[in-house]
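A quick write-up on the structure given underneath.
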Amino acid sequence: MNDLTGTGTLLRLALRRDRVMIPAWVLPLGLLVIATRTTISGLYPTGAGRAALAASMATNGSLRALYGPVYDTGIGGLTAWRMGSTGPALAGLMALLLVVRHTREEEEAGRLELVGAGAVGRRAPLAASLITGFGASLVLAVFITLGLLAQGAAGALALGLAFGGAGCVFAAVAAVTAQLTETARAARGIAGALLGVGYLLRATGDAAGPGGPGWVGWLSPLGWAERLRPYADERWWVLALFAGSALILVATAHALVARRDLDAGLLPSRPGPQGAGRRLAGVYGLAWRLQRGALYGWAFGYAAAGLVLGAITKGAADLGNGNRTVADEINNLGGTHNLVDSFLAAMISFLGMLAAVYVVQAVLRLRGEESGGRAEPVLATAVGRIRWAAAHLVVATAGSAALLTVGGIALGIGYGATVGDVSGQLPRMAGAGLVQLPAVLFVAASAVLIFGAAPRMAMASWSVASVTLAIGLYGPLLKLSQWALDLSAFAHLPKVPSAPVTAAPLVWLTALAAVLTAAGLVAFRRRDLG
Amino acid sequence: MNSAIEVTGLHKSFGRTHALDGLDLTVARGEVHGFLGPNGAGKSTTIRVLLGLLRADGGEARLLGGDPWRDAVRLHSRLAYVPGDVTLWRNLSGGEVIDLLGRLRGGLDEGRKQELLRRFELDPTKKGRTYSKGNRQKVALVAALASDAELLILDEPTSGLDPLMEEVFRECVTEERDRGRTVLLSSHILSEVEALCDRVSIIRGGRTVETGTLAELRHLTRTSITAELAGPPNGLARLPGVHDLDVRGNRVKLQVDTDQLDAVLRQISESGVRGLNCAPPTLEELFLRHYQSEAVAR
């Protein structure tokens, strides 16, 4: 009997609970890497073509910030380049969500108390969660390695470990943040913010030219993932950075868990008010109160992302003007002739698709309130079901509109500052942001329909958002056929600002969203609660 | 329209499970009605049908003269509900939740709220996630009791309270009754039901098995008698209503149907009574009898 007694049993429990979640992360991520390999070998079969692509990418700081540097122009090297900047970040996201889910979330829900009263060591739940997070990361690493074996074993292993290493480090980061806060939401938020900082450090380091602050990239685990240099004379010693930092973080988490009480965090929690203020008066006040924290976080992210993307727009377009390959790459994403506008259109569309993720999360609050038993006391008062649901949907809709406006404004400021035209770009991009709203509402409406008609499947709403995002991000690259691209509501929007605004798609998307929402609400009114 | 709640032949299934199987329940206005049954008997399901949260598959339910599904919102402004398992919003303080629920219902009595907070010794500034089960229940209780609703629906409201707080709860319910409010009290705690309730319904397996005043129900139960006699008893076994007769020398133990008590006591006293222990029928016994017969039925 020691601090780790019961780890094996808890690990089996975690794997049983994650038997859908882990494959749902690992399979698409791994398949994406393999599909990218296939696409690149199809699009750039000759060494000369790949070299031209690499040369154009390497000289431009803005594109390096987006995609990272090209170290090698082989098929494997380009696969590592294309996937090596965002892929490890996604692996890190998977790992941190898994670890918080099995640590602070269990504790907050009170289930850890039940488990901890058994013959279970104080550190066993943490150890089991970390093994789960590490395990999922390493399974992903093995999957990628096997998938790219044909391109060369060493490079395949290095790219796999770049994903796996980033996953392990962020699993360990989450293990620490889960000790700091009393709520799982805050633990996820802090770990996610650190992941975002890591991404920005990587982008800054990659964008820096000779003599610039390229060393900044070394501060981020996502930078290490690139600097492992898969397929380009692998630097295996970089793996020691992953291992060392993960080890230090794991030791920190274990030290913290041994020092604190169950349910307590290290960051203090303050008492609340004696009674409700005037604004917490009805279902709208309640919905706003419950959703505002998440919205503030998203808005901050949108402002930061918009400024950064706007600031690199000019550089990306400058380069494209002299280079067919890059021009094609950008026009592929963004639409038509003017490269700057194409790039801006691609970025605004990207911000729109991220808003679909926000809105699914906001709509699923309804299900969370219902299954958590918190809808029941509200619906037992003089509040009808439709009014209760509408309050959350209004917050979700207004929140989406606010995010798109903030993102558009930030993009306008970021780009306008580089060309000395903030007053012109700001309203133009804010408008372009709002053009995305009908597609966001369509995704929201799909989630409402699932919530109303099949509440037990509510989590499937996430797949609507993730399929939309995957089609938008990788569809053009993977040369998907038109019907597949059309599955995303965003494919039907006018590509503002590079194309003029056409009302028709905005109107029918909004109308469709309204119909789906109405159907979802009618179904919700007719079904049992619970 | 005299009944606050009128339920006849209620049916509700979840998949293959028949949670309610023809349940009847009548609660008169102004009474405190005990709603008893083992775990899984269908108490919470019945309450949730009455609140319009679940839709009945069959049977009829009337609440304050309306249809609990169709007229939910209108009816809810006249009732207050305390769920069996109270979950609060993690980042709202208890005071905020009490005010919010009151406002959603259409108002609450600020003076009464303060008084209840004091009596239940509840700190309203703590956040929802930091309350214990008992304190979460107190939040819901204060919110319900501070309302001016005419009907209170309480689903095992004291399961997390300590004995002192349970006493406060009993006082409060008694006050509510004196003010003419109707209370439906689902409970496991028989002493609480005996102390508070005018009438009781006992349900099992989704059906009502007994209903009536406590006096009526007691009538159905047996009194247990232990007697020390001067000589050996005789004739007891032949009397109607005698059960579990156990004679050892001059000592006799038996159970007797309460309506046959008189004849049996007469027979016993003929042998000369030296000592007598006569245990009155309790709700527990009634309860256990129904529960045990369920266990046997399984």
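No lab work stands behind these numbers, since they all come straight from the coordinates. Note that this is a predicted model, so its numbers are computed, not measured. Every residue, glycine as well, gets a Cβ built from its backbone with ideal geometry; the counts of neighbours run over all protein chains shown.
Segment B:1-54: which trypsin sites (Lys or Arg not before Pro) are DSSP loop and have at most 15 other beta-carbon atoms within 10 angstrom?
The qualifying sites are B:Arg16, B:Arg29.
Roughly speaking, what is the stretch gain from A:Val394 to A:Leu473, that is 0.36 nm per residue apart minus the C-alpha to C-alpha distance, in nm to one decimal?
Full-extension gain reported as 25.6 nm.
Put a dot 7 Å past each Cα toward the Cβ at A:Leu149 and B:Arg29; how far apart are the dots in nm?
8.1 nm
Counting other beta carbons within 10 Å of each Cβ, put A:His102, A:His492, B:His76, B:His243 in order, fewest first.
By the 10 Å Cβ count, ascending, the order reads B:His243, A:His492, B:His76, A:His102.
If you take the beta carbon distance between B:Asp178 and A:Arg19 as r and set R0 to 51 Å, what does 1/(1 + (r/R0)^6) give as a FRET efficiency, to the nearest 0.05?
That pair, B:Asp178 with A:Arg19, gives E of 0.35.
State whether chain A is rounded, prolate or oblate according to the following rule on the C-alpha gyration tensor (a ≥ b ≥ c being the square roots of its eigenvalues): a/c under 1.5 gives rounded; otherwise a/b larger than b/c gives prolate, and the remaining case gives oblate.
Note, shape of chain A comes out oblate.
Please report the antiparallel percentage of the DSSP beta bridges confined to the protein assembly as shown, to the nearest 5.
70 percent
Shape call for segment A:125-210 from the C-alpha gyration tensor, a ≥ b ≥ c root eigenvalues: rounded (a/c under 1.5), prolate (a/b greater than b/c) or oblate?
Oblate.
With a cut-off of at most 13 other beta carbons within 10 Å, and DSSP calling the residue loop, which trypsin sites (Lys or Arg not before Pro) in segment B:87-188 qualify? Please list them.
Filter output for segment B:87-188: B:Arg179.
Under the definition of partner shielding as Cβ atoms of other protein chains within 10 Å of a residue Cβ, what is the mean value for peptide A:273-281?
6
Taking chain B as the reference, fit the longest principal axis to its C-alpha atoms, fit the long axis of helix B:283-297 to the helix C-alpha atoms, and give the angle between the two in degrees, 0 to 90, nearest 10.
Long axis of B:283-297 versus the principal axis of chain B: about 90 degrees.
Between B:Thr46, B:Thr130, B:Thr208, where does the largest GNM mean-square fluctuation fall for chain B, given springs only between Cα atoms within less than 10 Å?
B:Thr130
What angle, in degrees between 0 and 90 and rounded to the nearest 10, separates the Cα long axis of helix B:110-119 from the longest principal axis of the Cα atoms of chain B?
Taking Cα atoms only, the helix is inclined about 50 degrees.
Going by C-beta contacts inside 10 Å, put B:Ser3, B:Ser186 in order with the fewest on the left.
B:Ser3, B:Ser186
What list do you get for A:Cys168, B:Cys172, B:Cys197, B:Cys278 if you sort them by fewest beta carbons within 10 Å?
B:Cys278, B:Cys172, B:Cys197, A:Cys168
Distance between the C-alpha centers of segment A:250-297 and segment A:461-530? Whole Å please.
First find each Cα centre; the distance between them is then 33 Å.
Please check which bits of segment A:94-119 a label hung off A:Met459 would reach, taking the label as a point 7 Å along Cα-to-C-beta and the cut-off as backbone N under 19 Å.
A:94-112
Compute the distance from the alpha-carbon center of segment B:246-276 to that of segment A:84-115, in whole Å.
Answer, in whole Å: 69.
Count the lysine pairs in the protein assembly as shown whose Cα atoms lie under 22 Å apart, taking only pairs 8 or more positions apart in sequence or on different chains.
Counting lysine pairs in the protein assembly as shown gives 11.
Once you have a ≥ b ≥ c as the square roots of the Cα gyration tensor eigenvalues for chain B, tell me rounded if a/c is under 1.5, and otherwise prolate or oblate according to whether a/b is larger than b/c.
prolate
Tell me, in nm to one decimal, what length is gained between B:Lys133 and B:Arg274 on full extension, where the rule is 0.36 nm per residue of separation less the Cα-Cα distance?
Gain on extension, B:Lys133 to B:Arg274, equals 45.6 nm.
For segment A:167-251, which chymotrypsin sites (Phe, Trp or Tyr not before Pro) are both in a DSSP coil and crowded by at most 12 other Cβ atoms within 10 Å?
Answer in residue order: A:Trp236, A:Trp237.
What list of ³J(HN,Hα) couplings, whole Hz, do you get for segment A:74-80 from phi and the Karplus terms 6.51, -1.76, 1.60, once you set θ to phi - 60° and write x for glycine and proline?
Couplings: x, 4, x, x, 6, 4, 4 Hz.
What is the distance, in nm, between label points placed 7 Å from the Cα along the Cα-to-Cβ direction at B:Asp259 and at A:Arg292?
In this crude spin-label approximation the distance works out to 6.6 nm.
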